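Asks: Sharing a structure below in structure tokens format, with a few things to ask.
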There are 2 protein chains.
Amino acid sequence: MRASQFFIATQKEAPSDAELISHKLMVRAGLIKKLGSGLYSWMPLGLRVLRKVENIVRDEMNKAGALELLMPAVQPKELWEETGRWAVFGPQMLKIRDRHERDFCFGPTHEEVITDIARKEISSYKQLPLNFYQIQTKFRDEIRPRFGVMRAREFLMKDAYSFHTSADCLVNTYNTMHTAYSNVFTRLGLKFRAVRADSGAIGGDGSQEFHVLADSGEDALAYCEQSEYAANVEMAEAIATGSRAAATETMHEVDTPKQTSCEDVAKLLEIPVSKTVKSVALMVDDVFTLALLRGDHQLNEIKFGKIEGVQNFRLATEEEIRGNLGCPPGFIGPVGVSGQVRVIADKTVALMSDFVCGANKPKFHLASVNFGRDLAEPSVVADIRNVVEGDASPDGKGTLSLCRGIEVGHIFQLGTKYSEAMQATYLDENGQSQVMQMGCYGIGVSRIVGAAIEQGNDDKGIIFPRNMAPFDVVICPIGLDKSEAVKQAAEDIYRQLQQAGVDVLLDDRVERPGVMFAESDLMGIPHRLVIGDRGLAEGKVEYKGRTDAEAQNLQATDCVTFLRDKLGQS
Amino acid sequence: MRASQFFIATQKEAPSDAELISHKLMVRAGLIKKLGSGLYSWMPLGLRVLRKVENIVRDEMNKAGALELLMPAVQPKELWEETGRWAVFGPQMLKIRDRHERDFCFGPTHEEVITDIARKEISSYKQLPLNFYQIQTKFRDEIRPRFGVMRAREFLMKDAYSFHTSADCLVNTYNTMHTAYSNVFTRLGLKFRAVRADSGAIGGDGSQEFHVLADSGEDALAYCEQSEYAANVEMAEAIATGSRAAATETMHEVDTPKQTSCEDVAKLLEIPVSKTVKSVALMVDDVFTLALLRGDHQLNEIKFGKIEGVQNFRLATEEEIRGNLGCPPGFIGPVGVSGQVRVIADKTVALMSDFVCGANKPKFHLASVNFGRDLAEPSVVADIRNVVEGDASPDGKGTLSLCRGIEVGHIFQLGTKYSEAMQATYLDENGQSQVMQMGCYGIGVSRIVGAAIEQGNDDKGIIFPRNMAPFDVVICPIGLDKSEAVKQAAEDIYRQLQQAGVDVLLDDRVERPGVMFAESDLMGIPHRLVIGDRGLAEGKVEYKGRTDAEAQNLQATDCVTFLRDKLGQS
């Protein structure tokens, strides 16, 4: 593509409503143009990126045996009433009334439509399994659209729906989709993780989210560098490893006149915070309860709420603390408490020895406290904390790191939720009518572009992975209008690269070098060739990778081979 | 693709609401599935066809230098108010109110959105010309959706919009688009014509429609087989060729006791109808007027209304005829009429001699009538008739044929209609603000599929042109489950064809031959290979083209080469 025949419209200023760097850069680079709240046009440069993502998604879906179809965006109310979702979906669903006063919606998702197709088209077990997908425009009327294409109202989504005779078969396709999704994000060159979307309590991996890792992500994730384990921080299991060391000292009081937090106590005593135990005072129904956590750990309320017998709980008031322990908050602990007080220890705490905790006596803590000797073994030991960086991975294959992620995909074992409501049945081998098992699998195609930019950017602009970049290579000729040699060489290399199947942009606009470089960096083009008279005099051209610190000189005659190698490698 | 892993769902019955053969066949072949009134899902088989059309359209648009972008389907009311079309568009526009009570529409077209982009993105003449296009889902709330995808409410359209500094530049791009459209329909293998959409009175070809020729088309067209001339029948110019022959006989009365029509008179006199002249009695304002047409021609009211001084006209009543000519209808003519009667002759009539017309005397006609001798030369001679089959083409390059067409494309020189209303201006070379010239160019991508089937079908089903067919070739193995030799040969040929880049369907469902053949014929697959034990014993396979009367035997070893040739040729 020649820049003179393309449409490059970068801008200096980011829009005032842009909070995220990806939103700012996409507008500045001219990838998108706002039409209205949550409505964006994909300009020619941006559409090149979107299509590259779309094509990789399509290719992997096809390889995984899914069949592409295309369902209407506009869907009749009646189908949504069958599943009860017309009422449930709420104002996020954009409702429409047609000229005949019939109700429709601009589809936010397509479970109802595909299940309607399945119940009409599938009659026999012989036709199953089937996995249909589409890449199609969706609309969700977000109350506050923002982040550019990351939370737009109108967006491009790949949604797949599978139909099965058995849960085993569903799991099979679910796993195939897991692999396909991993392939998609790997080919896109993104750092990503498949994250358990639920606790895994109900039969394991019923649902997983795929997250692109980026500091600006809305979700906090824990993942293992050494394995594929990843989970939402709140869901990640905290593993306590090793065994409890023997007590080495006698329990004794320590003066902590102003130290009411574990951090302050540890600092005063010159010990690691990990040698302290904090007692979180809670009311579980009407029972005063101390939840014991290591000083540097945080209570995870979701996990705590899953302990048997613990349903309703809240933090205890200062009055309740004083009433039960005879001591103000800041100095409370589990030693010597009455039988009325319930003590629940985190798994990590249960393995500690010689620890420091509150003395239930104002301005004092206890040191060298040990279970079994100084207080009873805790009656309940459970995982009640958030994981932290460096925790052992629950799969035993390494340690956990924390990061933030942007959800770009979701795979889900639906079971019979929709097929039962809509009576999507088939006849089994015995001629008996059975309800189909279903799975659904979504990828936010347009969102991926934003997420990739959140992951790849610097102060010059976007750093696209190779397979997503709008162009592979940009050729910047210096003084194109003045030098026949430069023109010749630029055209020659342009032609050779095109013939080699390289997606190349020839910047023939006769702009100053600074403008050309700034724009190609902003647009995130991975490879740049600069062709000038000075270099050509020595048979050289200049190459710079988007993230290279320095440019390098190449023999002009070698540069096509050089770039082909680069593109093959990266 | 293996049929066992694909989704083939043909059905015997056409839907009861299907009027057109294309609608019936698309549903029967399983290309589409109805979701609601004017809403269709494109099933995997149908989507393959739609994508092939889409890809050819995209390729030709790219080759023509148009730049693809993607605008939102949902558009804010405010833009439409700028052009006044929010009110004008009427109930065909699907209006939407979002959760914040703001008004939008599901875009039926995108002039407003693209003009908004242009006015924001284009500031200088240096950026022009530009031609943007998209392939995108549109919605028009037809009052009575029908004909399947041919007049669906939700449909896929390619819409392009060009911007220019001058009308000349606009005409340039308009012509480029004309060529691109011709290329698209030629590559799709369709019989089509570019038709003048207006009379050409205002500066020539300001607008042209592209029609796929089919008997069921809604528009009547006249076209020249020997040239590219084509026009709506009502707009086609009727050319009178040759010169008037000399009179050979004296005018004389003939008895026509019951003959009140030219056909009946000609039959009685045993002469061609083309030797008769009929007089259509009209009141033009208050002037009684006879429009003279050859007996076998029809008055074209649009053309007649364009004669100078003719604005308001209607057929004369019997009373007016009797009052002005003293004779009832059926026997009236231009000979001997008073000076109060205006006579307007069609160009063809003006060249006639020795003709027959009414005598203005009940039960009599006049024969061998000649202008200049028996009556005055007509004061006005004009083209006032519809063209008929065999007329000379107005471009002088052959004769006209009549046919019917389905509009699948439209190119239009908009001028400044939208750019002026929305103030889409640029600075010219002198720094002066100027309004952009615009063109727009649409193709009904989904409609093309229906139109192609209207053009290509027989009693067995669809006859797709090669470039639109869902598959190039189907392999039908006979007794796949019983014969290892058949299985081996089928797999082998399947693999070879795939490697050769042929889009091949292997029907490995173990169906009866009759079912396989009927389904592949219904689906319109152009080439079929049948592989059976009997043929293989002699090293043969059977080939049949979709429209071939008979199958033929091929050497199995030659069949891949044979098919590659076939596909290369067709």
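The values are calculated or read from the model by the stated rules, or taken from the named source; none is laboratory data. The shown structure was predicted, so the numbers you read here are calculated from the model rather than taken from an experiment. Don't worry about glycine lacking a Cβ; one is built from the backbone with ideal geometry, like all the others, and counts go over all protein chains shown.
Asks: Step by step: first the residues of region B:538-565, then only those that are among the aliphatic types (A, V, I, L, M) and in a helix (DSSP H, G or I), then the one that is nearest to residue B:469 (Cα to Cα). Which residue is that?
Replies: B:563
Asks: Please give the number of the condition residue B:83 fails out of (1) polar (S, T, N, Q); (2) facing chain A (nearest Cβ under 9 Å); (3) touching a Ser or Thr at 6+ places or on another chain (Cβ under 9 Å).
Replies: (2)
Asks: Return yes when residue A:372 is among the small types (Gly, Ala, Ser), at positive phi and free of Cβ contacts under 8 Å to residues at least 12 places away in the same chain and no when it is not.
Replies: Criteria met by residue A:372.
Asks: In region A:523-537, which residues are over 12 Å from residue A:460 (Cβ atoms) and in a helix (DSSP H, G or I)?
Replies: The answer is A:533, A:534, A:535, A:536, A:537.
Asks: Let me ask something else. Between A:456, A:398, A:390, A:442, which is free of Cβ contacts under 8 Å to residues at least 12 places away in the same chain and under 23 Å from the mean Cα position of the chain (by Cα)?
Replies: Result: A:390 is the single residue among A:456, A:398, A:390, A:442 that is free of Cβ contacts under 8 Å to residues at least 12 places away in the same chain and under 23 Å from the mean Cα position of the chain (by Cα).
Asks: crowded, with 18+ Cβ neighbours inside 10 Å and within 8 Å of another protein chain (Cβ to nearest Cβ): is that true of residue B:75 in this structure?
Replies: yes
Asks: So which residues in region A:135-161 are more than 10 Å from chain B (Cβ to nearest Cβ), assigned to a loop (DSSP other than H, G, I, E, B) and at pLDDT 95 or above, if there are any at all?
Replies: A:140
Asks: Against the conditions (1) farther than 26 Å from residue A:138 by Cβ; (2) surrounded by fewer than 22 Cβ atoms within 10 Å (Cβ to Cβ); (3) not aliphatic (A, V, I, L, M), where does residue B:151 fall short? Just the number, please.
Replies: Only one criterion is unmet by residue B:151, namely (1).
Asks: Against the conditions (1) more than 12 Å from chain B (Cβ to nearest Cβ); (2) under 28 Å from the mean Cα position of the chain (by Cα); (3) crowded, with 20+ Cβ neighbours inside 10 Å, where does residue A:164 fall short? Just the number, please.
Replies: (2)
Asks: Is it the case that region B:509-522 has a residue that's in the same structural domain as residue B:82 (by TED's automatic domain parsing), touching a residue at least 60 places away in the same chain (Cβ under 8 Å) and assigned to a loop (DSSP other than H, G, I, E, B)?
Replies: no
Asks: Further question on the same structure: Take region B:451-484 and flag every residue that is under 14 Å from residue B:529 (Cα atoms), among the β-branched types (Val, Ile, Thr) and not in a strand (DSSP E or B).
Replies: Answer for region B:451-484, where residues must be under 14 Å from residue B:529 (Cα atoms), among the β-branched types (Val, Ile, Thr) and not in a strand (DSSP E or B): just B:478.
Asks: Is one or more of the residues making up region B:108-121 part of a strand (DSSP E or B) and not aromatic (Phe, Trp, Tyr)?
Replies: no
Asks: Against the definition (crowded, with 19+ Cβ neighbours inside 10 Å, touching a helix residue (DSSP H, G or I) at 6+ places or on another chain (Cβ under 7 Å) and of a type outside the set (A, V, I, L, M)), how does residue A:393 come out, yes or no?
Replies: Considered against the rule, which asks whether it is crowded, with 19+ Cβ neighbours inside 10 Å, touching a helix residue (DSSP H, G or I) at 6+ places or on another chain (Cβ under 7 Å) and of a type outside the set (A, V, I, L, M), residue A:393 comes out as no.
Asks: Tell me the strands (runs of 3 or more DSSP E) entirely within region A:377-441 that contain at least 3 residues that are in contact with a Ser or Thr (Cβ under 9 Å, 6 or more places away or on another chain).
Replies: So the answer is A:400-415, A:425-427, A:433-435.
Asks: Among A:39, A:20, which is more than 30 Å from residue A:175 (Cα to Cα), in contact with an Asp or Glu (Cβ under 9 Å, 6 or more places away or on another chain), facing chain B (nearest Cβ under 8 Å) and not charged (D, E, K, R)?
Replies: Testing whether each residue is more than 30 Å from residue A:175 (Cα to Cα), in contact with an Asp or Glu (Cβ under 9 Å, 6 or more places away or on another chain), facing chain B (nearest Cβ under 8 Å) and not charged (D, E, K, R) leaves just A:39.
Asks: Please specify each residue of region B:51-70 satisfying the condition of being within 11 Å of chain A (Cβ to nearest Cβ) and out of contact with any helix residue (DSSP H, G or I) (no Cβ under 9 Å at 6 or more places or on another chain).
Replies: B:51, B:58, B:62
Asks: Identify, please: which residue in region B:23-36 is among the hydrophobic types (A, V, I, L, M, F, W, C) and at the interface with chain A (Cβ under 10 Å from one of its Cβ atoms) and is, among those, nearest to residue B:150 (Cα to Cα)?
Replies: B:32
Asks: Do you know which residues across region A:108-126 are at the interface with chain B (Cβ under 8 Å from one of its Cβ atoms) and either touching a residue at least 12 places away in the same chain (Cβ under 8 Å) or out of contact with any Phe, Trp or Tyr (no Cβ under 9 Å at 6 or more places or on another chain) (or both)?
Replies: The answer is A:113, A:116, A:117, A:120.
Asks: Is it fair to say residue B:487 is free of Cβ contacts under 8 Å to residues at least 40 places away in the same chain, basic (Lys, Arg), outside any strand (DSSP E or B) and surrounded by 13 or more Cβ atoms within 10 Å (Cβ to Cβ)?
Replies: Yes: the conditions hold for residue B:487.
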